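Asker: Take this structure first; my questions come after.
Derivation of every value follows stated rules applied to the coordinates shown; laboratory data play no part. These numbers were taken from a predicted model, which means no experiment stands behind them.
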Amino acid sequence: MMKYPLFGLFFSGALLTGGIAVAHHGWGSYDAGRLVSITSNIQQANWENPHVMVVVAHENKNWDAVLAPPFRMSARGLNPDMIKPGTSVRLEGYPSTRTETEIRAERIVVGGKSYELR
């Protein structure tokens, strides 16, 4: 019989949530000293957790852009129909230091309106 059952429950919960936090990536793998701006039509869009992702053409390559989580996108006034394939957007963000054709978008301009994502 456990002497401190609440401690065991707390410790188990901490391990579970800690594992989730470790599984989420940090932003340290993006070059915050180099702002990139890409104006292009969206080729693919994925409105799912943990982050909305879009693919755009830039410099003859397909770039993956990591946007905000869906709940934040919605809170900023964006919805999936606004960033569907074929939509012209401007993305401003920081390039990945690990993947040559990936950026972390700080803002997106859709239909002439700018949306802050962070």
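Asker: Two-decimal Rg/Rh of region 24-118 from alpha-carbon positions, Kirkwood Rh?
Answerer: Ratio of gyration radius to Kirkwood radius for region 24-118: 0.92.
Asker: In whole Hz and in residue order, list the ³J(HN,Hα) couplings for region 49-59 that follow from phi through the Karplus curve 6.51 cos²θ - 1.76 cosθ + 1.60, θ = phi - 60°; x for Gly and Pro.
Answerer: Once rounded to whole Hz, the list reads 6, x, 9, 5, 10, 10, 10, 10, 8, 8, 6.
Asker: Give me a comma-separated list of calculated 3J(HN,Hα) values for region 106-117, in order, Karplus coefficients 6.51, -1.76, 1.60 applied at θ = phi - 60°, integers in Hz, x for any Gly or Pro.
Answerer: Each residue's phi maps through the Karplus curve to give 8, 8, 9, 10, 10, x, x, 10, 8, 10, 6, 9 Hz.
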